[in-house]
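K.L.:
This structure is in structure tokens; I'll ask about it shortly.
The values are calculated or read from the model by the stated rules, or taken from the named source; none is laboratory data. What you see is a predicted model, and the numbers here were worked out from it, not measured in a lab. No Cβ is skipped: glycine too gets one built from the backbone with ideal geometry, and neighbour counts run over all protein chains shown. Protein only, heavy atoms only, side chains kept; ligands, DNA and RNA dropped before computing areas. Shrake-Rupley method; radii C 1.70, N 1.55, O 1.52, S 1.80 Å.
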Amino acid sequence: MAANPIETAVRTGRLTRALIYAALLVFAVYYLLPLFVMMVNSFKELDEIRGGNMLALPELVTLAPWIKAWNQAQIGVQPTGLAPYFLNSIKMVVPAVVISTLLGALNGYVLTKWRFRGDTLVFALMLFACFIPFQIVLIPMARVLGFLGIAGTTWGLVLVHVVYGLGFTTLFFRNYYAAFPTELVKAAQIDGASFLRIFYRILLPSSGPIIVVTVIWQFTNIWNDFLFGASFSDFDSQPMTVALNNLVSSSTGVKEYNVHFAGAILAAIPTLLVYIVAGRYFVRGLMAGAVKG
Amino acid sequence: MSFLVVNDLEKRFGAVEVLKGIDISVPRGGFLVLVGPSGCGKSTLLNTIAGLETVTAGEILIDGVRVNELHPSKRDIAMVFQSYALYPNMNVAKNMSFGMEMRGVPKAERQQVVARVAAMLQIEDLLHRKPSQLSGGQRQRVAMGRALVRDPKIFLFDEPLSNLDAKLRVEMRTEIQKLHQRLGTTVVYVTHDQIEAMTLATVIAVLKDGVLQQVGSPAEIYNTPANIFVADFMGSPSMNLVPARLDRANGALVVSLKRADGSTTMLPLHEPSAAAEAFIGREVILGLRPESIDDAPVADADGAQRHPLEAHVEVTQPTGADTLAMIRLGGREVVARLRAETGARAGERRRFMVDMSKAVLFDPETEERL
Ligand SMILES: Nc1ncnc2c1ncn2[C@@H]1O[C@H](COP(=O)(O)OP(=O)(O)OP(=O)(O)O)[C@@H](O)[C@H]1O
Ligand SMILES: [Mg+2]
């Protein structure tokens, strides 16, 4: 691991530096405060929340709200907790991310290295897909899912997210591959590699940064999606976001804030993990191509 | 018997005509160099031979077989790209063996061939490095190595040396020449460096705007350029082109140059072509290579073809091996290649000898050679 010293373009004085750090600190606190509130209150008894200070640390740490949110809480009519819905989300997100990323990479490959008449038009139309509001596609999409016989299933949701994400993944890969030397593809053609072989032996191995960007983008978008989940799922295919909403809004009687907080954090954990694990590649990927080397 | 034949080839990108009726043939073992200014279609022509571009019209034959419809991998060619096009994710050995792997050559044999070629190019130490860990010259060698593992019918080179510094370029040029002599494989080589073209080629094809200007041996291209463009493009410094008049004097054809002081200088022509007769009394363009003008004392052997004239020296540029002098002739600045130890000084009037045996004449209107 080469630990490059950080290069700064401008030499800053001590005072400026202090100001910069102060500003950064203020922003960090501002953004972390909600997480802090959720975190501390998810470990409190309900009575303590009601009686005490939202910002105070718990007097008595309890895991009960977490356990309840995970597998006991009433979601809709069943006291299943969020666990089965968490699984639903995983079953939806993983294939949707993998498929949309692969298809986006293939599209990018074709649009840059196997150009055909009208390819820019195709790309423009795909770009257009990025700007279509979710709400517009709801009804046509419902028709399509019904026609295909996968309405209300996890695979139906996978299809919806793949179709919706394709515009973005294609955009990412097309721009990345546009900077990929076409001579490499020509050399591979002369070497006798086929269309797909060139893709997975030459292009894909060099696509690490953009794959990371695409996966993070797709994962967070699909995981956090609520509208499609609420519109196209049944009880047995509802994703985490919809279940969380049901937990928070449909519970009768007292509002169990501690359970709600725990549930919300549970729902956010996967995206947090993805950012922590791959975040540094994310920034690197976004910068790739901007500067060579 | 021609080994590579390009027959009336045309290539169009949409409405843009990039190649316009190219006809070239190269014998087996020949070294064809395509030269021309940037954007004239050299790479496009090479790519059509490789099969990386389709042709709009015409045909390409390799070893007597029409290859228009053949996939690049089926044409039995190997190509070295200007950017080298080394696969960035593979090490040097993998880069060299990838093509063999695609063709289903067994692993043991692949390793053997890579080892042999690596030894030939002296890149054995680099086999496990990635392209990003190589210098420009090393990358160039690896790119050559990737072509050499194939033993193809034709090697195609697209400006393989243009990314190297001047010294390395000369070195690699010699190596390519040696390789060609050793392997005897037919080569098509693109460059816009006319020194590379002159030194490497057995056949030179000069292109301009997609039109073939001339095909011939380096000597033919240099001594009898088909038109003013070729005359000007090949040779460094390029051929002097001086407006003049063709006249008949004492029964022989002479070229009359108007001097600044109003007088004329007459230079007799040796072996004028039949076409020249038609231009008697008309304007022509006289083409003289810089080495045809010098200031050495008359040597007896070829004295008959050298003619004296006086001219004003404007500047001198010593290059080490010889000295270039800009002199005034026919209202133009003309370059003369003098001996390094010449006494010529800027500003003086000096006596020069003009060797007319290699002079050429051009029609000022069509710019074709007479
Ligand atoms: N895919 C393409 N579509 C349209 N025009 C093209 C395409 N490829 C090349 N051209 C045009 O064809 C002409 C010849 O290009 P080519 O690359 O063969 O030139 P070149 O002689 O190799 O030049 P250089 O010395 O700069 O490499 C250029 O005018 C170029 O703009
Ligand atoms: Mg070129």
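K.L.:
Could you work out what % of the accessible surface of region A:83-290 is carbon and sulfur, using a 1.4 angstrom probe and leaving DNA, RNA and ligands out of the count?
P.N.:
Answer for region A:83-290: carbon and sulfur cover 71 percent of the accessible area.
K.L.:
Starting from the Cα coordinates of the protein assembly as shown, work out the convex hull volume and express it per residue in Å³.
P.N.:
With only Cα atoms used, the protein assembly as shown gives 267 Å³ per residue.
K.L.:
What value, in deg cm²/dmol to 500, does the helix sum -39500 (n - 2.57) over DSSP H runs of n ≥ 4 give at 222 nm once divided by the residues of the protein assembly as shown?
P.N.:
-14000 deg cm²/dmol
K.L.:
Given the convex hull of the Cα atoms of region B:240-362, what is a quarter of its surface area in nm²?
P.N.:
7.6 nm²
K.L.:
Additional query: Place a point 7 Å from the Cα of A:Ala230 along the Cα-to-Cβ direction; which residues of region A:105-149 have their backbone N under 20 Å from it?
P.N.:
A:132-143
K.L.:
Tell me: how much accessible area in total is hidden between B and A, 1.4 Å probe, Å², nearest 100?
P.N.:
Summed over both sides, the interface buries about 1800 Å².
K.L.:
How would region A:143-293 be classified by its alpha-carbon gyration tensor: rounded, prolate or oblate, with rounded meaning a/c under 1.5 and the a/b versus b/c comparison settling the rest?
P.N.:
Cα axes put region A:143-293 in the oblate bin.
K.L.:
Once R0 is set to 22 Å, what does the formula 1/(1 + (r/R0)^6) return for the Cβ-Cβ distance between B:Glu348 and B:Ser263, expressed as a FRET efficiency to the nearest 0.05?
P.N.:
0.70
K.L.:
Please work out the average accessible area per residue across region B:2-233, using the 1.4 Å probe convention, and give it in Å².
P.N.:
I get 41 Å² per residue for region B:2-233.
K.L.:
Considering only DSSP beta bridges whose two residues both sit in the protein assembly as shown, what percent are antiparallel, to the nearest 5?
P.N.:
So the antiparallel bridges amount to about 75 percent of the total.
K.L.:
Give me the accessible area per residue for region A:58-186, probe 1.4 Å, as a whole number in Å².
P.N.:
Heavy-atom SASA per residue in region A:58-186 reads 52 Å².
K.L.:
Mean Kyte-Doolittle of at least -0.5 and a Cα length of 27 Å or more along the axis: which whole DSSP H helices of chain A meet both?
P.N.:
A:14-42, A:83-113, A:154-178, A:257-287
K.L.:
Calculated FRET efficiency, A:Leu24 and B:Lys107, Cβ-Cβ r, R0 60 Å, to nearest 0.05?
P.N.:
My answer for the efficiency is 0.60.
K.L.:
Given a 1.4 Å probe, show me the residues in region A:176-192 buried by at least 30 Å² of accessible surface when comparing the whole protein assembly to the chain alone.
P.N.:
A:Glu183, A:Leu184, A:Lys186, A:Ala187, A:Gln189, A:Ile190, A:Asp191, A:Gly192
K.L.:
Shifting gears a bit: If I take every Cα pair under 8 Å that is 6 or more residues apart in region B:2-233, average their sequence separation and divide by the length, what percent do I get for the relative contact order?
P.N.:
Answer for region B:2-233 is 29 percent.
K.L.:
What's the FRET efficiency of B:Lys74 with A:Trp114 using the Cβ-Cβ distance as r and R₀ = 22 Å, to the nearest 0.05?
P.N.:
0.75
K.L.:
Over the Cα atoms of region B:2-233, Rg to Rh with Kirkwood Rh, two decimal places?
P.N.:
Answer for region B:2-233: 0.97.
K.L.:
Tally up the carbon and sulfur contribution to the accessible surface of region B:240-362 as a whole percent, 1.4 Å probe, everything protein left in place.
P.N.:
Ligands and nucleic acids excluded, carbon and sulfur give 50 percent.
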